[in-house]
Each structure stands twice: as structure tokens, then as C-alpha cells.
Amino acid sequence: MQEAGPAGDAIRERQGWMRTLAMASGQELEAAWKAWTPRPTVEAVRGPEEGLVMVRSRIDAAGARFNLGEATVTRATMRLHGGPLTTDVVGSAYVLGSDREHARLAAIFDGLLTDEDQRPRVMAEVIEPLQSAQDERDAASRTDARSTLVDFFTVAREHE
């Protein structure tokens, strides 16, 4: 259950930007990082490293849980200091798949987002454009899926 109040709002806000970073492509994050100046010094605390997680599911919202299978994830934790940062910060990221650079860059941007002075810039230059691109891809995907929708109907027949 989510916390209420300012702590809960901060958690939901971070979940939003972490989702955006995880759903972005590695190329999009790489382009954003190359354009970022001045850059802080980045040190790896953990990883990036790949591993497996068990994916659990339910038959319906109230059904019993069952193990659906395993998925590959990559995690990274980076420490950032110097440059534009006012204090040392740590960023972490988990991304689906085995793209180490994607996880590393997502952790770097997470670290930048935890710095109060850098957050507005990262939101404006990285998160909002990535979210807009994802929204466009999602809309196109929904349109494609909608075009294949088939409405079935039945006609009652009297048996002779």
C-alpha cells in the first residue's frame, strides 16, 4: 500500500520517472547523456549486472498467484559527484532485458533526478520528451490493435 501525503507523492513521482527511463530505448538515453553538459563524475556502486526474476501472475484479479516464468533484468547503481551537483547522489535502475548500458544510463539519470537543482532540467530535457515519445508509440500501438478488433454477434435461429 502506498504512503499518503508528501512521502507518497515523492514515491509516485519517482516511480513515474523510473518507468519512463526503463521503457525508453538505450539509444534514446545514450543520446540524452551525450547532449548533457556539464556532466558529473560517475562511479559504479553496483553493476550493471544481469540476473533473473520470477514473474508471478494471477488468473484474474482475485485468483491465486502462480509463477508464470523467469525474466532477465539488468540492474545498476551509480554514484554521481562533482560537476553541476550540489551534493553526492546515488541513482539506481532495473530494466527488463540484458542491456547493461541502458541500466547504467537510467541509474545516472535517476541520480540526477534526486538532486533538487538538477531535477527541473532533467524533467524538461529528458523525461518529458521520452514520455511524449512513449505516449505516441502507445497511441499508435492501440490504433493498430483497434484496427484488428472483430465484433462477433449471434443470430438466434429457430430450429425447424
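The values are calculated or read from the model by the stated rules, or taken from the named source; none is laboratory data. Note that this is a predicted model, so its numbers are computed, not measured. Cβ sites come from the backbone with ideal geometry, for glycine too, and all protein chains shown count toward neighbours. These area figures cover heavy atoms from the full protein model, side chains too; ligands, DNA and RNA do not enter into them. Shrake-Rupley method; radii C 1.70, N 1.55, O 1.52, S 1.80 Å.
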Item checked: All positions within region 40-64 that are among the basic types (K, R) and at pLDDT below 90 -> R58
Margin query: One residue is enough: does region 4-27 have a residue meeting the conditions on the phi > 0 side of the Ramachandran plot, assigned to a loop (DSSP other than H, G, I, E, B), free of Cβ contacts under 8 Å to residues at least 40 places away in the same chain and surrounded by fewer than 14 Cβ atoms within 10 Å (Cβ to Cβ)?
Written below: yes
Check: Is there a residue being farther than 19 Å from A24 by Cα and either in contact with a Lys or Arg (Cβ under 7 Å, 6 or more places away or on another chain) or of a type outside the set (A, V, I, L, M, F, W, C) (or both) anywhere in region 90-105?
Finding: yes
Next item on the list: Run down V73, V90, V95 and say which single residue is touching a helix residue (DSSP H, G or I) at 6+ places or on another chain (Cβ under 9 Å), within 17 Å of M18 (Cβ to Cβ), without any contact (Cβ under 8 Å) to a residue 40 or more places away in the chain and not small (G, A, S).
Entry: V73
Notebook entry, point to check: Which one is farthest from V126 (Cα to Cα), of the residues in region 69-84 that are in contact with a strand residue (DSSP E or B) (Cβ under 9 Å, 6 or more places away or on another chain) and modelled with pLDDT under 90?
Noted result: G82
Checklist line | Number of the condition not met by G63 [criteria: (1) without any contact (Cβ under 8 Å) to a residue 12 or more places away in the chain; (2) within 23 Å of S132 (Cβ to Cβ); (3) open to solvent by less than 40 Å² (accessible area, probe 1.4 Å); (4) not acidic (D, E)] | finding: (2)
Next item on the list: Show the residue pairs that are 6+ apart or on different chains and have beta-carbon atoms under 6 Å apart, the first residue being within region 127-138 and over 15 Å from A31 (Cβ atoms), the second being open to solvent by less than 30 Å² (accessible area, probe 1.4 Å).
Entry: Q131/T20
Item checked: Qualifying residue in region 67-84 (condition: surrounded by fewer than 11 Cβ atoms within 10 Å (Cβ to Cβ), part of a strand (DSSP E or B) and out of contact with any Lys or Arg (no Cβ under 7 Å at 6 or more places or on another chain)) -> yes
Note to self: If I filter region 28-35 for residues that are part of a loop (DSSP other than H, G, I, E, B) and within 25 Å of H81 (Cβ to Cβ), do I get at least one hit?
What the structure shows: yes
Note to self: Looking at D151, D117 in this structure, which one is at pLDDT below 85 and outside any helix (DSSP H, G or I)?
What the structure shows: D151
Next item on the list: Give the residues of region 32-54 that are small (G, A, S) and exposed (fewer than 14 other Cβ atoms within 10 Å of the Cβ), sorted by residue number.
Entry: A35, A44, G51
